[in-house]
Amino acid sequence: DPKTQGILREDMKSQDPSRLELSTRLLGSMGLAALPVLVEIIKKEDDLKLRQIAAHLVGNLGPAATKILRRELILEGFAEERVRILDVIDNITQDLKTELAYALDDESPEVRRAAFRLAERLNNEDITSLLLDYASQEDQTMSVFAIKSLGKLKSGGVVDALASLMGSTQDTERLIACCRVLGQIADPAGIEPLAKIMTPGGFLSFRKKKSTRVRATAAFALAQIDHPKVAEILARYVEDRDPRIRQIAQDRVNPENSSSSR
């Protein structure tokens, strides 16, 4: 009954805690009959807490209810409603690789951003593998977003994949994103690819105006790695023409002199 559904939704939205509690209990006791109300709340309400409560109740209804919400995530026609589902669906299930792949390739930038946030919350091997696939795509925007998300996962297992990507691309934004991620992860395995980036020439044979940004980012990222080899590498750049690289190198090689000069 649409009228009953409307009343229950209004009770759930109420600022009165007793009304919210009673409506939550009622919906929780109705079984699958409550599903249409709960799905509408998830898709249409801006209040994140309210959507999380509804998602929890959907999860209690079992696999059949979860399957319906997963289907809505892909088939729902309005982008804002797909975003709202993405915000809470991991409260119900973590098995979302297929749905996430669709959301990451969505035509809506808002949906794609929500999908990347979901990927970062899930943070498991399947999601890492999926993001690595997107990091290698021809679409620069998608690739850079995927690389940034990998940095937030801070998984040491992605270092080799990023090093391979850095060796196969001359795209400035991808290289900068990779350098930043290696700096965030700060794994010693990232030392060699960052050192190669810093080497004048090398596989940075494109325009100097672009390569200076990449080299400077690589220098800062390299300095974040706590390993004796880092100081050895940066010592080669204490007289570098780029003032950013020169300062990073001097700070790492002679930290006492750098601090006293300030």
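The values are calculated or read from the model by the stated rules, or taken from the named source; none is laboratory data. Values in this document were obtained by computation on a predicted structure and should not be read as measured data. Methodologically, a virtual Cβ is constructed for each residue, glycine included, from the backbone with ideal geometry; neighbour enumeration extends over all protein chains shown. Remember, those area values only see protein heavy atoms, side chains included, never the ligands or the DNA or RNA. Shrake-Rupley method; radii C 1.70, N 1.55, O 1.52, S 1.80 Å.
Tabulated values for the structure
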| read-out | value |
| --- | --- |
| Relative contact order for the stretch 48-104, counting Cα pairs under 8 Å that sit 6 or more residues apart, in percent | 43 percent |
| Largest-first ordering by accessible area, 1.4 Å probe, given options 166, 30 | 30, 166 |
| Cβ-defined net charge surrounding residue 189, 12 Å radius [Lys, Arg +1; Asp, Glu -1] | -2 |
| The stretch 99-137 versus the stretch 223-247: alpha-carbon centroid distance in Å | 34 Å |
| Cut-off 15 Å between beta-carbons: net charge of the residues surrounding residue 98, Lys and Arg +1, Asp and Glu -1 | -3 |
| Highest-MSF residue in the chain out of 248, 85, 127 [GNM, Cα springs under 10 Å] | 248 |
| When the stretch 75-126 is reduced to its Cα atoms, the Kirkwood hydrodynamic radius in Å | 10.9 Å |
| Accessible-area order (highest first, 1.4 angstrom probe) of the listed residues 128, 98 | 98, 128 |
| Cross-link reach list, aspartates and glutamates versus residue 3, counting only Cα pairs under 14 Å and skipping chain neighbours closer than eight places | 11, 40 |
| Rounded to the nearest 10 Å², the accessible area of residue 129 at probe 1.4 Å | 50 Å² |
| Alpha carbon convex hull of the stretch 95-251, volume per residue in cubic angstrom | 107 Å³ |
| Relative contact order (%) - the chain, alpha-carbon pairs under 8 angstrom, separation at least six | 9 percent |
| Candidate aspartates and glutamates for bridging to residue 152, where Cα separation is under 13 Å - those fewer than 8 sequence places away on the same chain excluded | 120 |
| Within the chain, helix-based [θ] at 222 nm, where runs of 4 or more DSSP H residues each add -39,500 (n - 2.57), nearest 500 | -22000 deg cm²/dmol |
| Accessible area (Å², per residue) of the chain, counting only protein heavy atoms and a probe of 1.4 Å | 53 Å² |
| Rg/Rh for the stretch 15-150, where both radii come from Cα atoms and Rh is the Kirkwood radius | 1.02 |
| Selection from 212, 77, 89, by position along the positive dipole direction of the chain (Cβ) | 212 |
| Partner aspartates and glutamates for residue 229 [C-alpha distance under 12 Å; skip if fewer than 8 residues away on the same chain] | 192 |
| Projected area, mean over directions - the stretch 124-173, Cα convex hull, nm² | 3.1 nm² |
| Cα centroid separation, the stretch 29-80 to the stretch 158-190 (Å) | 38 Å |
| Percent of C-alpha pairs per 5 Å bin, the chain, short to long | 1, 6, 12, 13, 12, 10, 9, 8, 7, 6, 6, 4, 3, 2, 0, 0 |
| Normalised alpha carbon radius of gyration of the stretch 1-60 [divisor 2.2 N^0.38 Å] | 0.97 |
| Surface share of carbon and sulfur [accessible, 1.4 angstrom probe, percent] for the chain | 49 percent |
| Exposure of residue 198 as accessible area (Å², to 10), given a probe of 1.4 Å and all protein chains | 0 Å² |
